[in-house]
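Q: Okay, here's the structure, questions in a sec.
What follows draws every value from the coordinates through simple rules; no lab data is involved. Note that the coordinates shown come from a computational prediction; the quantities given were computed from them, not determined experimentally. All Cβ positions, even for glycine, are placed from backbone atoms using ideal geometry, and neighbour counts span all protein chains on display.
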Amino acid sequence: MEATQPAEAEKTGVLIVEDQTAIRQMLATFIRAMPGFTVIGEAGNVQDALDLAHKHRPKVVVLDWMLLGGMGLDFLRQVRLTPSPAVLVFSANTTELAVREALSAGARGYIEKTASFAEFTQALNAVAGGQTFLGPAVARAVQRIVSQPDRLESNMELSARERDVLRFLAEGMSSKEIADVLGLSIRTVENHRANITRRTGLRSVAQLTLHAVRLGLIQPPDRPLENS
């Protein structure tokens with residue numbers, strides 16, 4: 001006797017929050033094909049994700065970490081649902097900073113965008129079932145966080161000079177312009193930028209700008225940033 005497919009209302013509703021359209025559509029197609037799951041909404045930014053979450057009350061949210069005009073952390077901090085959805089972070093950013101922020105804010109799972117479909121399936125089933133799931137790189141980051149908390153705090157905290165460089169980068173200045181303003185060599189500015197990237201995992205100007213806003217170094221931009 002063939003097993004009957006679960007009715008749509010009995011399936012686990014998933015909200016996909018991903019700013020890259022191709023990846024979002026690919027995830028939606030894959031999740032819809034998984035037994036017991038349905039996609040109740042797709043969003044490319046934090047505000048749309050919050051609106052859809054409060055409207056449809058998903059059981060699971062697949063959440064990118066860097067989004068247009070915000071971060072996955074903003075969604076985790078602002079979503080107000082009872083019961084809370086199980087959040088699976090799906091991101092290329094597996095730095096200790098991102099991992100600690102996500103798990104501290106309530107994410108139940110965190111996997112890399114390099115994960116296979118089999119691993120993604122395992123992760124989605126785990127968080128939907130109330131379990132925690134961490135990808136290999138994320139698990140290593142957690143191990144470092146637990147074993148060396150003092151080193152982690154030191155590594156994540158930007159120096160005063162690095163904050164200056166970050167602020168000017170976020171304001172659209174080139175390395176040469178920053179070097180002129182701060183009285184540094186271009187090479188020194190580039191070294192500071194490399195340190196910022198190493199500590200935060202952020203590379204694009206849009207990502208660095210959002211981080212500068214989070215640190216209170218600049219005012220939020222008037223329009224969403226292109227997360228290139």
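Q: For the range 34-92, count the residues as N, evaluate 2.2 N^0.38 Å, and divide the Cα radius of gyration by that value, please.
A: Expressed relative to 2.2 N^0.38 Å, the Cα Rg reads 1.05.
Q: Which Cα, out of V79, N93, Q47, lies furthest along the positive dipole direction of the range 8-146 (beta carbon charges, K/R +1, D/E -1)?
A: Farthest towards the positive pole: V79.
Q: Among the lysines, which fall within straight-line cross-link reach of K55, defined as a Cα-Cα distance under 26 Å, with same-chain neighbours fewer than 8 residues apart omitted?
A: K11
Q: Evaluate 2.2 N^0.38 Å with N set to the residue count of the range 86-141, then give the Cα radius of gyration divided by it.
A: That ratio works out to 0.99.
Q: What are the residues whose amide H is under 5 Å from the amide H of L67, where those residues sit 5 or more places off or on another chain and H is modelled from the backbone?
A: G72
Q: Taking every pair of alpha-carbon atoms in the range 158-214, give the share separated by more than 15 Å as a whole percent.
A: So the pairs more than 15 Å apart make up 37 percent of the total in the range 158-214.
Q: Separation of the range 37-101 and the range 170-208 by C-alpha centroid, Å?
A: Result: 29 Å between the Cα centres.
Q: Which length gain, in nm to one decimal place, applies between A22 and L215 when the Cα-Cα distance is subtracted from 0.36 nm times their residue separation?
A: 66.4 nm
Q: Between T132 and R77, what is the label-point separation in nm under the 7 Å Cα-to-beta-carbon projection?
A: With each label point 7 Å from Cα toward Cβ, the separation is 2.2 nm.
Q: Which of these, A118, A139, A206, has the largest mean-square fluctuation under a Gaussian network model of the chain (Cα springs below 10 Å)?
A: A118
Q: What residues from the range 45-87 fall in the zone where the backbone N is under 13 Å from a label point 7 Å along the Cα-to-C-beta line of R140?
A: none
Q: Under the definition of Cα pairs under 8 Å and six or more residues apart, what whole-number percent is the relative contact order of the chain?
A: It rounds to 15 percent for the chain.
Q: Moving on to the next point. Give the percent of DSSP beta bridges with both residues in the chain that are antiparallel, rounded to the nearest 5.
A: 10
Q: Report the local net charge at L169: Lys and Arg +1, Asp and Glu -1, summed over other residues whose C-beta lies under 13 Å from its C-beta.
A: +1
Q: Quick one: Debye curve from the C-alpha atoms of the range 50-198, no solvent, what's log10 I(q)/I(0) at q = 0.09, 0.12, 0.19 Å⁻¹?
A: Taking Cα atoms of the range 50-198 as identical point scatterers yields -0.37, -0.62, -1.11.
Q: Then there's this: Using only DSSP helix segments of four residues or longer, with each worth -39500 (n - 2.57), what per-residue ellipticity at 222 nm results for the chain after dividing by its residue count and rounding to 500?
A: -15000 deg cm²/dmol
Q: Right, next: Could you tell me the relative contact order of the range 161-211? Use alpha-carbon pairs under 8 Å, at least six residues apart, and round to a whole percent.
A: 45 percent.
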